[in-house]
Structures are given as C-alpha cells and as structure tokens.
Amino acid sequence: MFLHKYTYPHISNTRNYKEEKFVAKVELKQPIVDEISEQIKDAASVVVVDARGLTVAEDTQLRKQLREAGVTYKVYKNTLMKRAFEGTDFAQLDDVLEGPSAIAVAKEDATAPARVLAKFAKTASNLEIKAGVVEGTFYDANGMSAVAAVPSREELLSKLLGSLQSPISNIARVLNQIAEQGGAATEEASAEAAPAEEAPAAEEAPAEEAPAAEAEAPAEEPAEAPAEEAKEE
C-alpha cells in the first residue's frame, strides 16, 4: 500500500530531520575541506602517511622537523581529503586513503616531505609512507624512497656554486704561479745583468793604466862613441 506523507506525517518528519542533519554535517565539514583545498593549492608535492604507531614525543618531533623544512603536516579524514582532491593531480592518492592518514604538503621544495619523512622513519619504524604526488606524478612507497634520495634545493645550489667556483679558483692559482715564476725570472735576470755590467769596467781599467806605465819608463841614454874614433881625432 502506498503511504502518502499526508496520511502518515511522522514519516515525512523523520525524513526531513535526517536530511537536515546530513546538510548540517556537510556544512560543518565544508570549512575543513576548504582548508585542505587551500593547503594543496599550488602545492609542489603531497605525501600520504600512516602515523598511528608514533608516540606523542615522536609525533611532536616529526611535526617540528617538517615545519622547519617548510612542510605542512596534518591528520584529516579520508572522505574530506578525497573531496578536497577532486579535480586536482592529488586525486591520484584516493586509492591509498584507507585507515588513519595524514598528509605532508610542500609548496616550494617538492622533495622536502619525502626526504624528512624517510629520514625520520629510519628511527621510527611505525611511520609508514603510503604514496605521494610530486610535481604532478604519482609515486608509490618504493617511488617515494627514490624521491627522498634527491638532494634539497640548497644542496643542489651549493654543489652548483662549488662547481662554478672550482675553475675560477684553478685559474687564479695558475695565474699566481705564473706571476711567482715571472718574478723569480726577473730576479735571476737582474742578478745575471749585474756582473755583465761590471765586466766592461774591469776591462777598461788596465787600458787607462797603460799610458801611465809608458810615462814612467826611463828614457834610454845615448851610447858612448867607439874608442877608435877618439884616437883618429
């Protein structure tokens, strides 16, 4: 028998109450969905983790390390995250949103969440990295391990700067060596030139003394006339 709402008004009232209650829940949860949407907007990466086994101290330390790396970390309900992920690259994470889940979001350094989480998991085995989306690409748990091995932007810039400075420092070192060798060659040339200049002076000295020696030589006396010539006279 068809039950008309006017015949049984209590059924209609019950239905309306449930609908109103559902609408009220949605309205209460919408700000949380908006919060998640704002966090993932223009995000470079989002990583989903299961942190159920962490102690309070471990959870506090993990949040601190992520915050220092510029990463936002928070636990949300899976249904709310799925609603926030709709129409974005992060909808690829829907399949891993099972059980208690938290997300780590980075807007600048795309590898920061994976790097910090993987390092922390070495000492906290209860932390499980489920999957992540890095710059639009989905990575499972194994893929996230590879992403975690990528150096940070600061490390890459430091290595790049070092590689650029290395040839410059080599050139500077070579130029210094050339300058030092040039200075040594100049000193040697000066040292060799000094005796060469003194030699002509030494050669000129005897030439100047020669006339003096000739002047000091005594004049020769005329020889005596032979005895025979004296007798004839």
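A few comments on the model shown:
- Leu175-Asp140 pseudo-label distance in nm [points 7 Å out on the Cα-to-Cβ vector]: 5.6
- The convex hull of the Cα atoms of the range 9-150, projected and averaged over all directions, covers 9.8 nm².
- Spin-label pair Leu28-Glu68: with each label point 7 Å from Cα along the Cα-Cβ axis, the two points sit 3.8 nm from one another.
- Flagged links, alpha-carbon separation over 23 Å, of Lys77/Lys130; Lys41/Lys122; Lys64/Lys122; Lys74/Lys130; Lys41/Lys74; Lys64/Lys107: Lys41/Lys122
- Estimated inter-spin distance, Lys122 and Arg52, nm [label 7 Å along Cα→Cβ]: 2.7
- Between Asp42 and Thr88, full extension at 0.36 nm per residue minus the direct alpha carbon distance yields a gain of 15.6 nm.
- For peptides 47-57, 28-38, sequence by mean Cβ density within 10 Å, most packed first: 47-57, 28-38
Since every read-out is calculated from the coordinates, none of them should be taken as a lab result. Quick caveat, the model's predicted, so the values are computed rather than measured. We place every Cβ from the backbone using ideal geometry, glycine too, and count neighbours over all the protein chains shown.
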